[in-house]
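Here the structure is laid out as structure tokens; the discussion comes afterwards.
The values are calculated or read from the model by the stated rules, or taken from the named source; none is laboratory data. None of the values given here were measured: they were computed from a predicted structure. Positions of Cβ are backbone-derived with ideal geometry, glycine not excepted, and every protein chain shown enters the neighbour counts. Surface areas here come from the heavy atoms of the whole protein model, side chains and all, with no ligands, DNA or RNA. Shrake-Rupley method; radii C 1.70, N 1.55, O 1.52, S 1.80 Å.
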Amino acid sequence: MEKIVCPHCGKKFRYEEITNIVSHADKEMAIVCPYCDLIAEKKVSHGYFVSTKIIEQN
């Protein structure tokens, strides 16, 4: 899993690329922030991206 900071809300979250779903050409897919639901980044993929919140434990 990769980590990224959302350019909209400033919160850090993780994302993972899910591949080998169906065969299709690579295209630009959105990485959506799980906090504000806005597109944080786009990357070329032949799958899709799943993002999750980072829960800090004390």
- Selection from the stretch 39-51 of residues that are open to solvent by 70 Å² or more (accessible area, probe 1.4 Å), touching a strand residue (DSSP E or B) at 6+ places or on another chain (Cβ under 7 Å) and not charged (D, E, K, R): Ile39, Val44, Tyr48
- Would you point out which residue out of Glu2, Glu28, Glu17 is surrounded by 14 or more Cβ atoms within 10 Å (Cβ to Cβ), touching a strand residue (DSSP E or B) at 6+ places or on another chain (Cβ under 6 Å) and without any contact (Cβ under 8 Å) to a residue 60 or more places away in the chain? Glu17
